[in-house]
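Notes for the one structure printed next.
The values are calculated or read from the model by the stated rules, or taken from the named source; none is laboratory data. Since the model is a prediction, treat every value here as computed from it, not as a measurement. In this analysis, Cβ positions are derived from the backbone assuming ideal geometry, glycine residues included, and neighbour counts consider all displayed protein chains.
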Amino acid sequence: MKAFFLRLKQKFDFGYLVALLISLGVALLIGTVILTITGFDTGKALGALIGGSFSSKQYFGNMLEYAMVLCLCGLACDVGSRAGIFNVGGEGQLILGALFAAQIGVWLKDASPWIAIPCAALGAILVGGFYAFIPGVLKVKLKVNEVITTIMLNSVAVFICGYFSKGPWKNPSPRVVSDTSPLNRSFMFGKLIQSSNLSTAIIVSAVLTFLVWYILQKTTKGYEMRLVGDNPRFARFAGLKADRIVIIAMVISGMMCGLVGMFRVYGAAGKYQSSISNEYYFEGLMVAMIAQYQPIPTVIISLIFAILRWGAIFMEDTVGVPIQIYWIIQTAVIFCMAGEKGIRAAIHKARETRAAKREIEKRREGGAVRE
Amino acid sequence: MNDNSWSNILTVASSTLNQMLRSATPVALAALGGLMTEHAGIMNIGMDGMILMGAFTAAAVSTALASAALGIVASVIFGILVGLFFALFTVKLRSDEFIIGCALNTFAMGITVYLSRSLFDSAGISNAPHLHNISIPLIRNIPFLGSVISGHSLFVYLTWAFVILMWLFVYRTPVGFWIRASGESPETLRTAGKNPERMKWIASILCGVFCGLAGAHLSLGNLNGQFGQRMVAGRGYIAFACVIFGGANPVKVFAAALMFGFFDAIGLQLQSSKLVDPDLTSAIPYVITIIMMVYVVVSGQRRRERIAKQQLKKLELK
Amino acid sequence: MTDEIRFEHISMEFPGVLANDDISLSIKNGEVFALVGENGAGKSTLMNILYGINTPTAGNLYVRGEKITDFSPKAAIDRGIGMVHQHFMLVPSFTVAQNIVLGREPKNAGVMFDNRKAEKLTRELVKEYGLEVDPSAEVRDISVGLQQRVEILKTLYRGADILILDEPTAVLTPQETDELFDVIRRIVREKEMTVIIITHKLYEVMAISDRVGVMRQGKLIGVENTKDVDEKKLASMMVGRPVLFDQLDKTGGPGEVAIEVDDLYVADNRGLPAVRGVSLSVKKGEVLGIAAIEGNGQSELLEAITGMRKINRGHVTVCGQDATGKTPGEIRALGLSHVPEDRLSTGVDKFASVTDNLLVGKQKEKRFNLFGFHQRRSTVERYAEELYQKFDIRGAGIHTEVGSMSGGNMQKVVVAREFSFDTPVLVISQPTRGVDIGAMEFFHTRIIEQRNAGAAILLSSADLDEVFRLSDRIITLYEGKITGEFEADKITKEEIGLYMTGTGEGAKA
């Protein structure tokens, strides 16, 4: 029995859980203060923020779809960071994946869904993977900081998508400015909740989530990735192909982002449009950071933030509070967690110094008697 | 070639160079701040957010108090606060600089638009009192050069002064030496009786101030008193790349910013000429930034190899 | 002579370690005081207290009779205390003059840094103390010996009359050491300074000091007049018993050649040639020891053999197969294991558990994999537990994070893993650095066990005693070249010392 609890303690980081809950509380408090200062009905607003996602089937479905997007993006970040590379370029990989998936659907509009959908998925995966391969190689071979290159590539991707969706791949209808042609309806994933964004894509996502968790936590490959991420020099010393593992992790991360783009198109939007992702990847990145790049917390925190996000949308509709309060609360959680870590370290150090002093004094007294 | 086409070329060239100076300025201002944190050994990718908040503060205060000057002062004060906030986490609490930088950028997007919407009932601000372009007497009459140099916002000229002042500060004052030592070898500074953490705080505050100014320039100098959610457009990251590219030396960093400005201007020129699609030309500065980053690394490696070879020769002569 | 410095019941505790335990010590004005002790005996900690870097957990410190309450380097500098740290405290991109004046810069018009004056002041100091160095050279471009001069000049610039030198000769050539000692003698004689020198080289104590204090495991064991003691006496005080390890039982003779190095050239991190034309061979069932002063190419040589560093010229053969230019993984597959010099940066994943660190290199073995990809955690843990017991690793079990363990136990994890491969070739670097004496014996026994079982072992250690104790043959390296090769039982330490410093017969040839 004791052994069981010991194992439980090893598996769960209770300190982290407490920190997360406190940070969430403080962040909501900060949100409340801001709401009060800016003159909103705080009680009503908070109620909407927390309960909004459950106010209707449609909100609930949208919330789940959003949680799916956050979770996959967060996991994509987890995969990279596990091997020691930060994929900040998921946004670009995502929208390029969406664009290509949409256009492949347009090209194959007369084909059977059994051909078109896999082709679109494959296209999105390849494009996303390739777009992550570039900064991955630059980092490994030339030691170019991947944070800057991926962020720059995000901007480049936005313009590439802008060019194609306004130019060669534009919906020929003159009323449309910058969307691709709508997909053949038979290509769309089935809706799980009518008139919401929630589609069968979430089932695929659940399988994918399980796979990522399994690979990272339970397989020899995941173990090797962690070694490379923790100490690349040691990994090389121990005979691992560290460079290759980093690039592969980055490419997988990019592939996942590309696939998310495809899900957005085939599950919800039905075409590529510039609003296909509203910096969703960056929110996924935030989620991953709060989850300290661990898969299971990533899933849970995605759900929490999805609830807050659609709650915030509901709050904007009903109470009129700008939805941006959601970002404020989200980043407040990060600042709180970071601060909590620093404060805890400081307290720990102070406590140890005090204990050391007591210990020495005790001995001194003992010594004095001897003398 | 007749006179007409010559004068056409000159006009295009002067307007390109004029635009280059214009485009380089916000990046250069932010990079001047970024090079401080770089010298102090803090990886600062939160500059984008710092600029955005500076831009909002300037536009909002300028609107509220009907004074562009007060808007700029407010953005400086706000810059100090942001610098303190950034240092609190990165220096005092020893948080991950990357996480704090990312969070700061997202926080900036949230808080500025939230405040804009709840204070001004709109996601952006327009028609705030702004700075007018300065037409410099005498210089404006010089052919070609006049139209390049004259007629910019005050910030453009201020930036030139700041570059020189910053160079003097970093390389010619004791505090500049201490800040550089705090990043390169903090323990050395500590044993010399100076507190490296304090230097990092100073660097962070200066970075906040310059990013605040960059923001004020964007909203009140570059645009006519406007604020928008996406107005920074990754300039904070580009500034970071310029800092790396220029080896954190103010003059070289400014040169890097000018290079960025040049390509931005070329892009805008192409755009107005309608030869190339505007989306593709807009991507140029970002592609250039990536190439810049690669170049820095590769040329650094080459340089090391060359030095090593020279040293080898010296040894062989012995 | 009066008491310049007095420590009274000073104790210093770091988390989990009592680095200084109730130390009382007086140092007199105008003397050269040597503080000796093994790694981790607490010498540097005590001196860091004097220099204000550490605030003692308990006890009092008096400088010239004044009780110290504010512990900071700044206050210490103001009191005329200067310290030359083991790891130099210099800003590499600054010039010599800029480093010397750092913190007390001469100013122009009250604000601007006056570089010209800084260089002038430096030149004056150089002249006054005869420590020749170019004030305008960047510190990263000058040699280690010169860097140390800059450190000393720095303390003199700050007006120090108490000078602390922390292991000043660790990186110096014998000539540089002699020059340093001349300087110390001169400043003590002419400027009436007090010098405290931390070292673990006993012949240096005899050569330079007036009095000597011996520390062991955080305690001050004794203080003696140097002329009243000899090296043997000091050595036994340092280790707490006469330095007589049990005789190691070496059995069997050398077999076939397992490592062959032919005319090897390797560059260091700055691209300078560190290994210059080294050829050697190690046979099965023997230990070849490398004796060299730190920074003479031994690290680069071992890294090149194991694939961690690029080979510029020459060949390496491991177990009869060419290993030149191969990756560490490929060379391991030829039958080589490697205990690296710096375990924290190269030898472990400090964030991972003991289990995960012990598994590295074996993770692909069939017994640990279900269907070729699923890691069988229970088998892995059983295996780790077995090694944990066998190598007597002491910690909170196999789930302990390696980064939180002591140096000795961390090294046991590394050795347990590397020895568990049972390869015919072992390359071992600094096996007992930062390890206590009890564990040292353990490692030595294990290494000889491997030798007796027929492994070819290439060993490098900064501890000359260790090299002598374990090796069958010894080669000396000086400035990247082999200066001599000896049967271990046919040469004395003193003779080896000559070859290590490039003054032996071999170097003349």
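Whether a residue is surrounded by fewer than 24 Cβ atoms within 10 Å (Cβ to Cβ), more than 14 Å from chain A (Cβ to nearest Cβ) and not basic (Lys, Arg) was assessed, and B:Leu119 does not pass this test.
Kindly check whether there is at least one residue in the range B:195-213 that is modelled with pLDDT of 90 or more and among the basic types (Lys, Arg). Lay out the reasoning, then the answer.
The first filter runs over the range B:195-213 and keeps only residues modelled with pLDDT of 90 or more, leaving B:195-213.
Subsequent filtering for residues that are among the basic types (Lys, Arg) retains B:198, B:200.
So far as the range B:195-213 goes, yes, one or more of its residues are modelled with pLDDT of 90 or more and among the basic types (Lys, Arg).
Residue-by-condition table, conditions (1) surrounded by 17 or more Cβ atoms within 10 Å (Cβ to Cβ); (2) at the interface with another protein chain (Cβ under 9 Å from one of its Cβ atoms); (3) within 30 Å of C:Leu370 (Cα to Cα); (4) acidic (Asp, Glu):
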position: A:Pro172; (1), (2), (3), (4): no, no, no, no
position: A:Met188; (1), (2), (3), (4): yes, no, no, no
position: A:Lys191; (1), (2), (3), (4): no, no, no, no
position: A:Ser199; (1), (2), (3), (4): yes, no, no, no
position: A:Leu208; (1), (2), (3), (4): yes, no, yes, no
position: A:Gly222; (1), (2), (3), (4): yes, yes, yes, no
position: A:Met225; (1), (2), (3), (4): yes, no, yes, no
position: A:Ala235; (1), (2), (3), (4): yes, yes, yes, no
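All conditions in (1) surrounded by fewer than 24 Cβ atoms within 10 Å (Cβ to Cβ); (2) in a helix (DSSP H, G or I) hold for A:Gly261, with the sole exception of (1). Checking each residue in the range B:256-288 for being touching a residue at least 40 places away in the same chain (Cβ under 8 Å), within 14 Å of chain A (Cβ to nearest Cβ) and not acidic (Asp, Glu) picks out B:Ala256, B:Phe260, B:Leu268, B:Pro285, B:Tyr286.
I'd like to check something: does the range B:220-240 contain any residue that is in contact with a strand residue (DSSP E or B) (Cβ under 8 Å, 6 or more places away or on another chain) and of a type outside the set (Gly, Ala, Ser)? The answer is yes; a qualifying residue exists. Scanning the range C:360-394 for residues that are in contact (Cβ under 8 Å) with a residue 40 or more places away in the chain and not in a loop (DSSP other than H, G, I, E, B) yields nothing.
Contact map, the range C:90-107: residues that are facing another protein chain (nearest Cβ under 8 Å) and at positive phi paired with residues that are assigned to a loop (DSSP other than H, G, I, E, B) and at pLDDT below 95, Cβ distance under 6 Å, separation 6+ or inter-chain. Pairs shown: C:Gly103/B:Ala192; C:Gly103/B:Gly193; C:Gly103/B:Lys194. Listed residues C:His338, C:His315; which is closer than 30 Å to C:Pro273 by Cβ and more than 10 Å from chain A (Cβ to nearest Cβ)? Of the residues listed, the single one that is closer than 30 Å to C:Pro273 by Cβ and more than 10 Å from chain A (Cβ to nearest Cβ) is C:His315. Among the residues of the range C:41-51, some residue qualifies, meaning at least one is facing another protein chain (nearest Cβ under 10 Å), in contact (Cβ under 8 Å) with a residue 12 or more places away in the chain, touching a Pro at 6+ places or on another chain (Cβ under 9 Å) and in a loop (DSSP other than H, G, I, E, B).
When only residues in the range C:74-83 that are facing chain B (nearest Cβ under 10 Å) and among the aliphatic types (A, V, I, L, M) count, which is farthest from the chain's Cα centre (by Cα)?
Kept after step one, since they are facing chain B (nearest Cβ under 10 Å), are these residues of the range C:74-83: C:74-78, C:82-83.
Within this subset, residues satisfying the condition of being among the aliphatic types (A, V, I, L, M) are C:75-77, C:83.
Details: C:Ala75: 30, C:Ala76: 27, C:Ile77: 27, C:Met83: 19 Å.
So, considering only residues that are facing chain B (nearest Cβ under 10 Å) and among the aliphatic types (A, V, I, L, M), the one farthest from the chain's Cα centre (by Cα) is C:Ala75.
Taking the range C:253-294 as the region of interest, the strands (runs of 3 or more DSSP E) fully inside it that hold 1 or more residues being touching a Gly at 6+ places or on another chain (Cβ under 6 Å) and within 14 Å of chain B (Cβ to nearest Cβ) are C:257-267, C:273-283. Does the range A:285-292 contain any residue that is touching a helix residue (DSSP H, G or I) at 6+ places or on another chain (Cβ under 9 Å), within 12 Å of chain B (Cβ to nearest Cβ) and surrounded by fewer than 20 Cβ atoms within 10 Å (Cβ to Cβ)? Yes, some residue in the range A:285-292 is touching a helix residue (DSSP H, G or I) at 6+ places or on another chain (Cβ under 9 Å), within 12 Å of chain B (Cβ to nearest Cβ) and surrounded by fewer than 20 Cβ atoms within 10 Å (Cβ to Cβ).
Here's the yes/no breakdown for (1) assigned to a helix (DSSP H, G or I); (2) within 14 Å of chain B (Cβ to nearest Cβ); (3) free of Cβ contacts under 8 Å to residues at least 40 places away in the same chain; (4) acidic (Asp, Glu):
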site: C:Lys117; (1), (2), (3), (4): yes, yes, yes, no
site: C:Leu121; (1), (2), (3), (4): yes, no, yes, no
site: C:Leu125; (1), (2), (3), (4): yes, no, yes, no
site: C:Leu131; (1), (2), (3), (4): no, no, no, no
site: C:Gln147; (1), (2), (3), (4): yes, yes, no, no
site: C:Glu151; (1), (2), (3), (4): yes, yes, no, yes
site: C:Gly159; (1), (2), (3), (4): no, yes, no, no
site: C:Ala170; (1), (2), (3), (4): no, no, no, no
site: C:Glu179; (1), (2), (3), (4): yes, no, yes, yes
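Against the numbered list (1) buried (at least 21 other Cβ atoms within 10 Å of the Cβ); (2) charged (D, E, K, R); (3) part of a loop (DSSP other than H, G, I, E, B), C:Glu300 comes up short only at (3).
Taking the options A:Ile328, A:Ile300, name whichever one is away from every other protein chain (no Cβ under 14 Å) and assigned to a helix (DSSP H, G or I).
Working: A:Ile328 fails: away from every other protein chain (no Cβ under 14 Å).
Matching residue, one of A:Ile328, A:Ile300: A:Ile300.
Assess whether B:Thr188 counts as being among the polar types (S, T, N, Q), within 14 Å of chain C (Cβ to nearest Cβ) and either buried (at least 21 other Cβ atoms within 10 Å of the Cβ) or not in a helix (DSSP H, G or I) (or both). The answer is yes for B:Thr188.
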